[in-house]
Structure formats: C-alpha cells, structure tokens
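Written below as structure tokens is the structure these notes are about.
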Amino acid sequence: MSRLFRDVDGGELFPQGSVVCIGAFDGLHLGHRALVRHAVGRARVLGVPAVALAFEPLPREFFARDNPPPRLMLARDKVAALRELGIDGVGLLRFDARMAAMTAEDFVRDMLVRRLGVREVWIGPRFHFGNRRHGNLALLQAMGGELGFAAGEIAPVDLRGERISSTRIRGLLVSGEFVHAAELLGCPYSIGGRVVRGRQLGRTLGFPTANLRFPKTPALSGIYATWVHGVFEQPWPSVSSFGTRPTVEGVEPLLEAHLFDYQGDLYGRHIEVEFVAKLRDEEKFNDLPALTAQMHRDAEQARRILSEHRLRATA
C-alpha cells in the first residue's frame with residue numbers, strides 16, 4: 001500500500017531510508033515518467049521505498065492566484081498515476097506562504113533528511129526549489145556530501161529532438177493537436193473522475209450528460225469528439241463540452257460527456273474521458289433552441305470523426 005503525506009512537519013516516515021524524486025509532475029509526461037522510473041529502479045536496488053515529492057497547489061498556482069495557469073492533471077489522478085509507476089510514498093506537500101518562504105537548505109534538512117531518511121534524491125534537468133528557487137543540483141550534492149545522501153539529475157528527455165514539457169503539452173491541447181500531445185504524454189490526453197449530478201438541462205434537451213468536476217483552471221475548453229472509458233470494455237463514442245457553460249451561466253469548469261445511444265445511469269461511476277478532436281470553442285447562444293440545434297450538429301460531426309478514428313486504429 002502506497003503512503004500519502006502532506007506536511008513537512010511530523011515524525012520520520014521511512015526509518016529504513018528512501019530514494020526520492022521531486023517535481024511538479026503535472027500531466028506525468030514522458031520526461032516525468034523517466035525520472036520516476038529511474039528513482040523506482042534505484043530504490044529497488046537499495047531495497048528502500050521510492051518516494052515522489054510534489055506540491056499542491058502547484059507553486060505557480062500559489063503565486064498567480066488571481067490568474068492561475070492551466071492544469072493538466074488533478075491531484076487525485078497524479079497520486080494514482082505515481083502509484084501505478086511503482087512509487088511507494090507520495091508527498092503532496094501543501095504549498096502555502098510558509099512553504100514559499102522555506103529555504104532550500106531547510107527543505108533538505110527537514111523534509112528529505114529528517115522525515116524521509118533520503119539515501120538518494122533525483123531531479124529533472126534545470127529543476128529548482130526553495131525560497132527564491134535557490135535549490136538546485138549543486139546545492140543537493142553539496143548538502144548530500146555533508147548529510148550522507150547522493151543526488152543526481154536525469155538526462156533531458158526529448159522526442160525527435162523536441163523537448164518534452166508540460167508547457168508544450170498545454171499549448172498542443174489548446175491548438176487541438178491531440179495526437180502530438182499524446183506522443184509527449186505517452187498516452188492520449190484524458191480526464192477522469194466520478195460522475196456527479198448536474199443541472200440535468202442536457203437531459204431535457206435530449207442530450208443527457210455524464211458530468212465530471214474540474215476544480216482547477218483546465219488546459220483546454222470547448223466542444224470535443226471524445227471516447228468514454230470505464231462504462232464498457234471498449235471505449236464508448238461521445239461528444240463532450242468542457243468549460244464554464246456560458247449559455248447556462250456556469251462557473252466552475254465542468255466536463256460534460258454525452259454518450260451516444262446510451263441510456264444507463266452513470267452517477268457515482270468512475271469514468272475517463274479521452275479527447276480526440278476539437279469541434280469548436282465554447283459559444284454563448286441567444287436561447288436554448290439555438291443551443292440545441294448546434295448540439296445536434298456537434299453530435300453528427302463527432303460521430304463522423306470517431307468513426308474515422310476507430311477505422312484508423314483498427315487498420
């Protein structure tokens with residue numbers, strides 16, 4: 001069972017020691033996965049737990065609270081994905097004013113050494129941490145020499161010469177380049193969660209939806225052709241709206257997936273919505289009949305795209 005912890009304060013978590021990797025891990029793209037797998041491999045060699053340290057909220061969200069940057073992945077999905085990669089302990093550290101003011105040296109002593117008993121710590125290229133981003137590989141190596149741990153940096157990960165980064169992936173999603181984004185992520189981009197009850201307006205318009213909350217600034221918004229996973233063994237074709245629903249005065253971002261030709265009740269079920277193609281941006285309509293007419297056009301277009309997508313996948 002993987003261990004989850006949130007605080008720098010507290011007692012020793014891994015008396016036998018640990019191998020630690022640190023990063024934002026937003027999206028868990030191929031570069032992140034290389035770092036995590038390297039740490040897990042080293043932990044298995046040393047016979048100690050592998051620990052991943054991340055922050056919630058992300059530091060850039062804390063420093064830009066009035067205009068937070070887009071998020072690829074919610075915290076719950078990040079923890080689940082890290083566990084699937086073999087991580088034994090996940091530190092989803094609270095990033096608040098106190099954490100922002102903590103020096104890199106104090107973070108090493110209090111978190112890495114005292115709480116985690118770090119034997120090795122691994123970071124990605126150009127990673128910085130601590131107040132004023134003073135912490136880096138050189139500091140980790142210097143302190144490791146004093147405090148008895150090793151520190152290293154994995155080599156940059158690229159794809160056909162292109163540097164892989166969460167920023168690049170966000171840009172690809174905004175421009176609807178889902179195939180390219182999937183290459184950098186190592187899998188198609190999707191958002192998962194438990195289906196919640198909405199206002200049920202779609203049902204009255206003939207388009208019932210399975211709704212997933214996304215309480216962060218999403219990396220994309222609009223109307224999409226999508227596959228829904230988790231209902232049947234095979235992905236189910238759907239058309240999805242992701243955003244703040246301007247015609248019905250939505251506020252919190254909501255992902256609404258209409259599953260074609262499906263009549264069942266999905267409330268409480270965990271599903272995954274995979275994005276295939278963008279149909280259009282969100283749009284505010286003058287009335288519900290105009291919205292309904294556009295929804296029919298969106299559904300027809302999504303059906304065509306997904307039919308072609310399925311044929312390509314089986315060719």
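The values are calculated or read from the model by the stated rules, or taken from the named source; none is laboratory data. This one's a predicted model, so the numbers in the text were calculated from it and none came from an experiment. Cβ coordinates were reconstructed from backbone atoms using ideal geometry, including for glycine residues, and neighbour counts include every protein chain displayed.
One line per residue, one yes/no per condition, for (1) among the small types (Gly, Ala, Ser); (2) crowded, with 18+ Cβ neighbours inside 10 Å; (3) closer than 30 Å to ASP261 by Cβ:
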{"residue": "PRO125", "(1), (2), (3)": "no, no, no"}
{"residue": "ARG163", "(1), (2), (3)": "no, no, no"}
{"residue": "VAL179", "(1), (2), (3)": "no, no, yes"}
{"residue": "PHE207", "(1), (2), (3)": "no, yes, yes"}
{"residue": "ASN211", "(1), (2), (3)": "no, yes, yes"}
{"residue": "THR217", "(1), (2), (3)": "no, no, no"}
{"residue": "GLU233", "(1), (2), (3)": "no, no, yes"}
For LEU254, are the conditions met, namely being closer than 25 Å to GLU56 by Cα and either surrounded by 13 or more Cβ atoms within 10 Å (Cβ to Cβ) or of a type in the set (Phe, Trp, Tyr) (or both)? yes
Scan PHE14, PHE55 and give me the residue that is surrounded by 18 or more Cβ atoms within 10 Å (Cβ to Cβ), touching a Leu at 6+ places or on another chain (Cβ under 6 Å), farther than 25 Å from GLY193 by Cβ and among the aromatic types (Phe, Trp, Tyr). PHE14
Could you check, for segment 61-70, whether at least one of its residues is of a type in the set (S, T, N, Q), modelled with pLDDT of 95 or more, surrounded by fewer than 19 Cβ atoms within 10 Å (Cβ to Cβ) and outside the structural domain of ALA219 (by TED's automatic domain parsing)? no
Do we have ALA293 as of a type in the set (A, V, I, L, M, F, W, C) and exposed (fewer than 12 other Cβ atoms within 10 Å of the Cβ) here? yes
Of these, ARG109, ARG42, which one is without any contact (Cβ under 8 Å) to a residue 60 or more places away in the chain and among the charged types (D, E, K, R)? ARG109
Counted residues, segment 145-161 - those being outside any loop (DSSP other than H, G, I, E, B) and more than 18 Å from GLY124 (Cβ to Cβ): 3
Considering only segment 257-298, how many residues are closer than 23 Å to GLU177 by Cβ and touching a strand residue (DSSP E or B) at 6+ places or on another chain (Cβ under 6 Å)? 13
For segment 23-48, how many residues meet the condition of being outside any helix (DSSP H, G or I), touching a Leu at 6+ places or on another chain (Cβ under 9 Å) and more than 18 Å from PHE95 (Cβ to Cβ)? 2
Residue hits (segment 285-306; in contact (Cβ under 8 Å) with a residue 12 or more places away in the chain and not aliphatic (A, V, I, L, M)) are PHE285, THR292, ASP298, GLN301, ARG303
Among what's in segment 84-104 and is out of contact with any strand residue (DSSP E or B) (no Cβ under 7 Å at 6 or more places or on another chain) and not polar (S, T, N, Q), pick the residue that is surrounded by the fewest Cβ atoms within 10 Å (Cβ to Cβ). ALA97
Enumeration of residues in segment 2-22 that are at negative phi and either basic (Lys, Arg) or part of a loop (DSSP other than H, G, I, E, B) (or both): SER2, ARG3, ARG6, ASP7, VAL8, ASP9, GLY11, GLU12, LEU13, PHE14, PRO15, GLN16
Has segment 130-149 got at least one residue that is closer than 28 Å to LEU184 by Cβ, crowded, with 21+ Cβ neighbours inside 10 Å and touching a strand residue (DSSP E or B) at 6+ places or on another chain (Cβ under 6 Å)? yes
Run down THR209, THR204, THR217, THR244 and say which single residue is farther than 25 Å from GLN294 by Cα, at pLDDT below 95 and β-branched (Val, Ile, Thr). THR217
Just need a number here: residues in segment 219-231 that are crowded, with 21+ Cβ neighbours inside 10 Å and not in a strand (DSSP E or B). 2
